[in-house]
Amino acid sequence: MKKKVDYDGGVKDWEKRKAEFSAKLNQQHEEVEAMRAAYQSCSEDGLLEYWSQVLFHSEYPENFPKSFALDYVTETQMLVVDYELPDIECLPKVKELKYIAVRNELRLREVRVSDAWTNRTYEDVLYQICLRSIYELFQSDSVNVVSTIVFNGWVNYVDRSNGQEQNACILSIEVTKAEFLELNLAQVEPRSCFRSLKGVSGSKLASRSAVRPILQLNKQDKRFVASHDVAYVLDDSYNLASMDWLDFENLIREIFEKEFRTNGGEVKITRASRDGGVDAIAFDPDPIRGGKIVIQAKRYTNTVGVSAVRDLFGTVHNEGATKGILVTTSIYGPDAYEFAKGKPLTLLNGSELLYLLQKHGHKARIGLAEAKRWKLNAKNPERHRNSNRTSRTESTSGPSLDFSEAHDWL
């Protein structure tokens, strides 16, 4: 009898897992079909997402940057690509290892490659990456909406003269589809081919000499929507955890705009879409830390797990961004921090958000237990209007963060 009960229980568990797997698979299929429909309809978002996937799935060694940003000019059918190239330091330094017998011992000796080989190989690799990326984009253009590609190759490196990180465009090329597809890439010499197509680069790519891009990215994104300021209404009695979600996104945009403004940066919020949860995009012109930065805002009261951080990392790649920032009113679990290690991701919890607000002259508090009660009573309009504020006598003089009851609720 016990075996029969165990068997029936096992069957039910299998059927449950099968149903969950089927539901997840169907969702993935629906997302793929939605992407296909967006691409075939030639919507700008659909096209950019498709080309991002083309570049992202191009096979390269594991430590290859795979970071890029795309812009499309519909009127001229021009695709502009800002592409991060690997630095020369990524090339192998050891040619071979030799075992040498000395006094009945075997010693290992490295035979290092010459500087001339390194410089020559690095130059050849970069020109090949450039030509290959252009080829893949043109070949994948099944709806025939790309007539010209501008490819700007950027490299992040450390300037050994001062120890500072630098970012420079070291090659740039504009080429039409008609002239490029006439090439027999299997037979060309990469550097000569690049030059014949009127590409621009320094005489030696290993020196990382900066050149002016033929055409730079346009920061206009049709997903961007009008924003409004929120911070001016805040005080130390305002509970961010029960803030309206749209106001919260605008607040994050506003505070990061103040953070980036000192370097001439700007931050824009995006309309809700299936873009992986991009709530805001920052453009930082700083030559060292700058670029396109994806910002996601999570007005949570539960612990943020690794799935949200994993989603952000995928979005950074899909957007061709240099960095991702996740901001929450709550806290992160250890698995979230572990996943973010070594990746271009920054996780800001509720306490850090309060201090960022305070840095720019604003006060607020985060009461997670109160927000949970607010959610449960949200059907009562009167209580909903008043739940964001407490009396002055109950508030504290500095940033306040209450994590009690902060679990199992969004």
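The values are calculated or read from the model by the stated rules, or taken from the named source; none is laboratory data. Worth saying up front: this structure is predicted, and the values here are computed from it rather than measured. All Cβ positions, even for glycine, are placed from backbone atoms using ideal geometry, and neighbour counts span all protein chains on display.
Any idea how many residues of segment 179-227 are assigned to a loop (DSSP other than H, G, I, E, B) and modelled with pLDDT of 75 or more?
23
Identify all residues within segment 228-247 that are touching a Ser or Thr at 6+ places or on another chain (Cβ under 9 Å), part of a loop (DSSP other than H, G, I, E, B) and either among the aliphatic types (A, V, I, L, M) or more than 11 Å from ARG365 (Cβ to Cβ) (or both); write none if there are none.
MET243
Of all the residues that make up segment 73-95, how many are in contact (Cβ under 8 Å) with a residue 60 or more places away in the chain and not polar (S, T, N, Q)?
Going through segment 73-95 one residue at a time, the tally reaches 13.
Please verify whether segment 97-114 includes one or more residues that are among the β-branched types (Val, Ile, Thr), surrounded by 10 or more Cβ atoms within 10 Å (Cβ to Cβ) and modelled with pLDDT of 90 or more.
Checking segment 97-114: not a single residue is among the β-branched types (Val, Ile, Thr), surrounded by 10 or more Cβ atoms within 10 Å (Cβ to Cβ) and modelled with pLDDT of 90 or more.
For segment 129-182, enumerate the residues that are among the hydrophobic types (A, V, I, L, M, F, W, C), over 16 Å from CYS193 (Cβ atoms) and surrounded by 14 or more Cβ atoms within 10 Å (Cβ to Cβ).
Residues satisfying the conditions are LEU137, VAL145, VAL146, VAL150, TRP154, VAL155, ALA168, CYS169, ILE170.
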